[in-house]
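What follows is calculated from the coordinates using simple rules that are stated; it is not laboratory data. This structure is a prediction, so every number in the text was calculated from the model and none was measured. Ideal geometry is used to build each Cβ from the backbone, glycine not excepted, and the neighbour counts take in all protein chains shown.
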Amino acid sequence: MSSPTHHRSLFLRGAATLIWCIDTAVASLNSLGTLLIMAMMGLICADVVSRNLLGSSLPGVIELTELGIVSIVYLQIADTYKSGKLMRSDGVIKTIEAKFPRVGLVVNAMFDATGVVLFFYIAKGAEKRFSEAWDGGYYLGNQGSFTAPTWPMELIVAIGSALLCVLFFASVLRNLGLLLGVNPLEPARSRSTSEQ
Amino acid sequence: MTGLEIGVASVAGIFFFVILGMYIPVVLALVSLVGTWFITSNFDIAIFLLSQKSVETISSQEFAVVPLFVLMGLLISTSDIARETFSVANYVFRKISGGLGVATVAANAIFASITGVSIASAAVFTRVAVPEMLRFGYHPRLAVGIVAGSSVLGMLIPPSILLIVYAFIAEVSVGSLFIAAIIPGLILAVFYSIAILAVGKLRPHWVGQDQLAALDDIDDMTFSKAAKLLAPIGLLVALVIGGIYGGIFTPTESGAIGAAGALILTVAKRRMSWAIFWQVTVQTGHVTASICFMIIAASMYSSMLGLSGVPSELQAWVSASNFSVLMLIVAYVAIVIVLGTLLDSVSIILIVLPIFIPLFNHFDVDMIWLGILSIIVVEIGLLTPPLGIAVFVVKSCLPDEQISLKDIFLGALPFGLIMLLVVILITAFPALIVH
């Protein structure tokens with residue numbers, strides 16, 4: 001039977017599952033990025049040791065570092081936003097929020113909407129770069145000594161920026177929900193954390 | 001609208017939205033996107049530029065220097081190294097009136113040579129040095145002023161994240177910038193110390209009776225113990241800065257070695273667990289993503305500016321009017337200090353420099369020298385109201401509610417003036433930086 005309350009609870013469950021999926025994706029990318037930083041430190045140290053003690057550099061370190069740093073940035077960007085570490089100067093907006101809470105919500109929703117637009121276009125561009133890299137077999141390095149394909153990095157850029165676009169969109173919804181006094185995402189969010 | 005008008009409108013729009021509180025990289029990238037679109041009248045070119053810049057700006061192994069030095073600094077901050085350095089410095093300066101203050105500056109300078117962020121220094125030394133100074137009867141304003149003022153050394157003495165950001169935007173080598181920053185950093189530390197000693201002579205009661213007090217505090221400190229505490233730090237500095245100086249390592253390699261060294265050090269001190277290491281690396285990722293994305297956005301912004309013709313127009317204007325290089329420097333310093341009261345250091349560097357670099361180039365100003373000047377001037381903003389970040393960090397780490405924000409701002413003021421003095425000094429004697 002489909003009663004209104006049944007609909008509502010189905011909707012809440014759906015929202016909770018969706019939020020859980022997004023949170024998990026953000027956390028997984030973040031973990032991958034963290035491991036990549038550790039690996040990069042290890043790899044460069046190994047290269048230095050090998051060059052100074054064994055007399056020869058490790059092949060591919062420069063290429064891997066180059067791919068690595070771009071990957072690290074886009075693996076971490078969504079979690080950086082989520083942890084409030086994306087740079088902003090919040091003096092004025094905090095004053096607005098305190099004095100005119102509803103204006104604050106509108107302004108914040110608009111700011112988040114600009115984030116949606118920006119990261120949508122970055123993700124779209126990255127998707128194109130990814131298919132070019134995949135189809136064209138693009139690589140870094142020299143044939144014969146060391147080559148690394150660039151598509152994994154381009155894929156990470158696409159996924160990372162798409163995910164941040166989604167996070168910005170969720171924040172627009174949250175701000176608008178608070179403004180209208182209805183917020184289906186909040187109870188769902190608290191449920192999803194209690195399930196973990 | 002002409003390209004020039006679009007360029008000017010974009011810069012104005014950027015300042016407006018940044019100060020209103022929009023995410024800074026989003027403002028820079030999006031306004032540049034729209035600006036490029038209007039200037040070229042071609043949306044596809046603008047989008048192409050965006051997707052190209054979003055990857056290619058940072059796809060160079062040089063950028064790996066960012067996470068590595070951040071990791072090194074954060075690892076060091078988990079250990080007790082700041083406290084130990086402070087007690088060693090205390091032991092060295094114990095017989096001087098104002099010695100505790102000088103010790104704080106000295107410990108900050110040493111700590112700065114293994115970390116790259118001012119905020120870390122301000123937090124650590126507020127907890128370590130302020131209670132000591134208060135205990136020995138320092139004037140509270142002086143105590144917090146010394147900590148806030150000397151935290152600035154963190155960004156000036158290499159390694160420094162701000163120097164790295166400048167190097168990328170001005171296209172100079174990170175290594176030479178690091179080397180060039182050593183002497184001005186030491187000059188600033190010495191000037192701070194002289195000022196504290198002068199206070200000790202003129203107003204002895206402001207620096208308490210620290211000779212007596214310090215003695216009982218460092219009873220168990222001996223020369224050999226001090227040497228033992230400093231040795232690992234000295235080794236790390238020698239490896240990291242010496243490696244760059246001697247040309248043995250690239251800055252990226254030196255960052256990796258430094259981070260690994262810091263990891264070994266904290267493990268040896270039994271301060272490290274897998275959980276802490278993970279947490280510190282996650283934080284490193286956040287800082288890296290945030291800074292690198294700022295650099296991506298800033299590079300879109302500077303290419304939009306280039307397309308708009310604003311820099312070349314400014315250049316023409318400066319050479320037509322009888323602008324001297326000194327006037328340009330004064331104007332630049334004034335603008336940066338004013339912005340410093342509102343914005344964070346990285347944003348100022350990335351927003352203002354693309355406009356000013358062509359002008360300084362017009363006068364053949366050395367980019368390394370400009371870098372050091374910019375860092376010092378930007379850092380003055382850390383100490384000025386309403387948004388002096390170092391001051392807020394000091395406040396948030398103070399256990400004593402009695403000391404107000406105003407006290408800290410007033411206490412830090414003389415140190416801001418000393419920084420200005422160093423700015424004048426390096427302008428009068430550029431040879432201090434460029435040999």
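Quick notes on this structure:
- Top-ranked residue in the range A:70-96 [being more than 8 Å from chain B (Cβ to nearest Cβ) and among the small types (Gly, Ala, Ser); ranked as nearest to the chain's Cα centre (by Cα)]: A:78
- Among the candidates A:23, A:47, residue that is among the charged types (D, E, K, R), within 16 Å of the chain's Cα centre (by Cα) and either surrounded by 17 or more Cβ atoms within 10 Å (Cβ to Cβ) or within 30 Å of residue A:82 (Cβ to Cβ) (or both): A:23
- Enumeration of residues in the range A:67-98 that are surrounded by fewer than 23 Cβ atoms within 10 Å (Cβ to Cβ) and of a type in the set (Asp, Glu): A:90, A:97
- Filter pass, residue B:350 being crowded, with 20+ Cβ neighbours inside 10 Å and in a loop (DSSP other than H, G, I, E, B): no
- Scanning the range B:16-41 for residues that are farther than 15 Å from residue A:118 by Cα, within 30 Å of the chain's Cα centre (by Cα) and in contact (Cβ under 8 Å) with a residue 24 or more places away in the chain turns up B:18, B:19.
Conditions tested, residue by residue: (1) in contact with a Cys (Cβ under 8 Å, 6 or more places away or on another chain); (2) within 28 Å of residue B:321 (Cβ to Cβ); (3) assigned to a loop (DSSP other than H, G, I, E, B).
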{"position": "B:339", "(1), (2), (3)": "no, yes, no"}
{"position": "B:358", "(1), (2), (3)": "no, yes, no"}
{"position": "B:370", "(1), (2), (3)": "no, yes, no"}
{"position": "B:383", "(1), (2), (3)": "no, no, yes"}
{"position": "B:386", "(1), (2), (3)": "no, no, yes"}
{"position": "B:396", "(1), (2), (3)": "no, no, no"}
{"position": "B:408", "(1), (2), (3)": "no, no, no"}
{"position": "B:413", "(1), (2), (3)": "no, no, no"}
{"position": "B:420", "(1), (2), (3)": "no, yes, no"}
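- Within the range B:9-107, helices (runs of 4 or more DSSP H) holding 1 or more residues that are closer than 30 Å to residue B:137 by Cβ and among the β-branched types (Val, Ile, Thr): B:81-92
- The set of residues from the range B:231-255 being within 20 Å of the chain's Cα centre (by Cα) and within 13 Å of chain A (Cβ to nearest Cβ) comprises B:240, B:244, B:251, B:252, B:254, B:255.
- In this structure, residue B:323 does satisfy being free of Cβ contacts under 8 Å to residues at least 24 places away in the same chain, surrounded by fewer than 22 Cβ atoms within 10 Å (Cβ to Cβ), not in a helix (DSSP H, G or I) and not small (Gly, Ala, Ser).
- Matching residues in the range A:46-70 - criterion: being farther than 23 Å from residue B:24 by Cβ and in contact (Cβ under 8 Å) with a residue 24 or more places away in the chain: A:59, A:60, A:63, A:64, A:65, A:66, A:67, A:68
- Hey, residue A:108 of a type in the set (S, T, N, Q) and surrounded by 14 or more Cβ atoms within 10 Å (Cβ to Cβ) or not: yes
- The range A:74-91 - residue that is of a type in the set (A, V, I, L, M) and in contact (Cβ under 8 Å) with a residue 24 or more places away in the chain and, of those, farthest from residue A:105 (Cα to Cα): A:75
- Residues considered: B:177, B:100. Of these, the only one that is of a type outside the set (Gly, Ala, Ser) and touching a Leu at 6+ places or on another chain (Cβ under 6 Å) is B:177.
- Filter pass, residue A:58 being more than 8 Å from every other protein chain (Cβ to nearest Cβ), buried (at least 16 other Cβ atoms within 10 Å of the Cβ) and among the hydrophobic types (A, V, I, L, M, F, W, C): yes
- Filtering the range B:50-72 to residues that are touching a residue at least 12 places away in the same chain (Cβ under 8 Å) and facing another protein chain (nearest Cβ under 7 Å) leaves B:50, B:54, B:58, B:61, B:63, B:64, B:67, B:68, B:71.
- Scanning the range A:97-114 for residues that are at the interface with chain B (Cβ under 10 Å from one of its Cβ atoms), more than 13 Å from residue A:167 (Cα to Cα) and touching a helix residue (DSSP H, G or I) at 6+ places or on another chain (Cβ under 8 Å) gives A:97, A:104, A:107, A:108.
- For the range B:255-276, filtering for residues that are free of Cβ contacts under 8 Å to residues at least 60 places away in the same chain and in a helix (DSSP H, G or I) leaves 7.
- The residue of the range A:26-42 that is surrounded by the fewest Cβ atoms within 10 Å (Cβ to Cβ), among those that are at the interface with chain B (Cβ under 8 Å from one of its Cβ atoms) and among the hydrophobic types (A, V, I, L, M, F, W, C), is A:38.
- Every condition in (1) of a type outside the set (Asp, Glu); (2) assigned to a loop (DSSP other than H, G, I, E, B); (3) in contact (Cβ under 8 Å) with a residue 12 or more places away in the chain is met by residue A:40 except one, and the failing one is (2).
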